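Heads up, the thing below is written out as structure tokens.
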């Protein structure tokens, strides 16, 4: 039964109203809804790629190479006669997989480093943070390029190199959060009753640090997808015949005058998905903690 | 202020030392025998042995690092396998090109983004604000290599206004250079443009809410005076702190933009060396870039220490 009197309203558990407030703010802006819908569409495309794609993305047909968009091939065919639309649909899988796994790696390692630096302070903090500072001095795309090149390219090496390149931002934010949460009374109380460091960190500190980190993870998904596309555009990323959007832009570059859509379409997809993650990240930030505006 | 400068200087040196470890480790990430990977299958045993000795691979890792570091401190980054030149002179010859494009892009980006951010904040919720915010969001998400290709398609291939690719020194042919760098500079400028606009806007919105702005308003000051004299000075500090990161992002962007427009800067050199497996050059590029970025960060920190007395008095 829904609460009707003032007394009943006052007795509502605060968590419920907090969640309602989150939903109201998050879905209150049209652009955030747009971003959410776009992400959902891309996720569905990735999940059901074999059902959606009109052709086999790897099936070559040199007799039909470089065809212009037609009813048969909506986005035309590439230099090997493969259906461009089908390749873009399959490319969704690579983009999302690389983005999600590499950001996952960066989040776990970065948060652990930030947690240790912030919680233990002193020499632990100095060692970890100077290392993070050093990583911040190298442009992420260059760091990822160097690591991926040394490891030898390929899907997993790209994921690892992007994961490493994204660690610094996660670690920095986590450390800042830990420093402020550590001052809270409930942490002091935990120390007083003799709770172990591990217990305080996992039960009291980490959960209270999460909101801004969730925002950063969402924004980093966009960064990771953009970087993966950049690496595969440069030719270091995912190896052919896999359909990676960045590599497709590069393949089409040579036929820019005759078949511009070969370069335009995959690049547009990269932009669309990155915008979607940025918009949702902004929406999450406003809904979870508006004070973060300008810092994230 | 002297103590503040000294502290930041020491921090920068420490950061650079750690960067050197990261740079050193790049070669050691190569699976198997780095010398064999770099020289390829056709190399003779003597060539491989010679490179192993040059890289010091026969020594313990710590000894290798210290010997390599001493060399680096003497400006010796080794010899490029592809070009036969010293890595230092190779990188030094490419840096000016990247700087030329990067500095113009940074100035252009800053000059447009700060006023755009102010306008968006002052006219919050209005048509101009929405237009500026949407453009900034697009700028954050657009793949630079793709933007470059769109530009080449429209302005070079379709309209024929600008050359497709290439870079000529401004000292050799100024007008050709100008035509060649228009598109690369605009592509590069998108990076600082988008993020500085967002930062200026949110930082202005933050400041406008403060008590001293309300006081200034209630005194009956003109809106122009309030915005430029009272608000902007405080709002600009977080924007300045971002400038250091912008230098880093510009160099990152140069990897892509120089590839699309076929410009022989440090970004193109690095990409080419990756394909040639010329890892000493890759290592040299990373080190040199990190050095420049660390220096830029130091300058930025010193300048906002000067802009905001609270920062230099910390601790």
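Nothing in this text is a laboratory measurement; each read-out follows from the coordinates by a stated rule. If you're wondering where the values come from, they're calculated on a predicted model, not measured in any experiment. Please note: Cβ atoms are built from the backbone with ideal geometry, for glycine as well, and neighbour counts cover all protein chains shown.
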Where the Cα pairs of chain B fall when distances are cut into 20 Å bins, in %
26, 49, 22, 3, 0
Spatial separation of Cα centroids for the range B:87-120 and the range A:87-164, in angstrom
26
Between the range B:187-214 and the range B:143-185, what's the alpha-carbon centroid distance in Å?
30
Most fluctuating residue given options B:125, B:244, B:78, as computed from a GNM of chain B linking Cα atoms under 10 Å
B:125
If you scale each eigenvalue of the Cα gyration tensor by 5 and take the root, what three semi-axes come out for the range A:129-219, rounded to whole angstrom and sorted largest first?
34, 13, 12
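For chain A, report the translational diffusion coefficient in µm²/s to the nearest whole number, using Stokes-Einstein at 25 °C, 0.890 mPa s, and a Kirkwood Rh over Cα pairs. Mind showing how you got there, number by number?
On the way: Rh = 21.5 Å.
Rounded to a whole number, D works out at 114 µm²/s.
Sorted by mean Cβ packing within 10 Å, highest first, what order do the peptides A:221-233, A:138-150 take?
Put in order of decreasing packing, that is A:221-233, A:138-150.
Take every residue in peptide B:144-153, count the Cβ atoms of other chains within 10 Å of its Cβ, and give the average of those counts. Write down the numbers at each step before the final one.
On the way: counts 4, 11, 14, 2, 1, 10, 6, 0, 4, 6.
For this peptide, the per-residue mean of nearby foreign Cβ atoms is 6.
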Under a Gaussian network model of chain B whose springs join Cα atoms within less than 10 Å, the largest fluctuation of B:96, B:31, B:238 belongs to B:31
Could you give the Stokes-Einstein D for the range B:1-160 in µm² per second, using the C-alpha Kirkwood radius, 4 °C, 1.567 mPa s?
61
Per-selection metrics, the protein assembly as shown (Cα): Rg and Dmax in Å
25.8, 90
If one compares the long axis through the Cα atoms of helix B:279-307 with the longest principal axis of the Cα atoms of chain B, the angle in degrees, nearest 10, works out at 30
For the range B:47-115, what percent of Cα pairs sit more than 16 Å apart?
65
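What does the helix-only formula give at 222 nm for the protein assembly as shown: each DSSP H stretch with n ≥ 4 adding -39500 (n - 2.57), the total divided by the residues, and the result rounded to the nearest 500 deg cm²/dmol?
Details: 26 runs with 437 residues, N = 611.
Here the helix-only value at 222 nm equals -24000 deg cm²/dmol.
Kirkwood hydrodynamic radius (Cα pairs, Å) of the range B:137-253?
Values: mean 1/r = 0.0586 Å⁻¹.
After inverting the mean inverse Cα-Cα distance, the result is 17.1 Å.
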Going 7 Å from the Cα of residue B:159 along its beta-carbon direction, which residues of the range B:180-198 have the amide nitrogen within less than 19 Å of the resulting point?
B:180-190
Between the range B:279-302 and the range B:40-67, the alpha-carbon center distance in angstrom:
26
Could you rank the peptides B:279-285, A:86-92 by their average count of other C-beta atoms within 10 Å per residue, with the highest value first?
B:279-285, A:86-92
Please average, across the residues of B:283-290, the number of beta carbons from any other chain that are within 10 Å of each residue's own beta carbon, and give a whole number.
3
Would you mind listing how long the range A:208-283 runs along its three principal axes, going by Cα atoms, in whole Å with the largest first?
54, 22, 15
Less than 13 Å from a label point 7 Å out along the Cα-to-Cβ axis of residue B:169: which backbone N atoms in the range B:80-97 qualify, by residue?
B:93-97
For helix B:174-208, what angle does its Cα long axis make with the longest principal axis of chain B, in degrees from 0 to 90 and rounded to 10?
50
Using mean Cβ contacts within 10 Å as the protection proxy, how do B:199-209, A:183-193 order, highest first?
B:199-209, A:183-193
Just B:72, B:62, B:247 to compare: in a GNM of chain B, with alpha carbon springs under 10 Å, which one fluctuates most?
B:62
Would you mind giving the mean number of other chain beta-carbons within 10 Å of the Cβ of each residue in A:148-156, as a whole number?
4
Enter the angle in degrees (range 0 to 90, nearest 10) between the Cα long axis of helix A:261-288 and the first principal axis of the Cα atoms of chain A, meaning the one along which they spread out most.
10
Quick one: if you stick a label point 7 Å off each Cα along the C-beta vector at residue A:24 and residue B:70, how many nm between them?
7.0
Just to be sure I follow: if Rg is taken over the C-alpha atoms of the range B:29-76 and Rh is the Kirkwood radius over the same atoms, what is Rg/Rh?
1.02
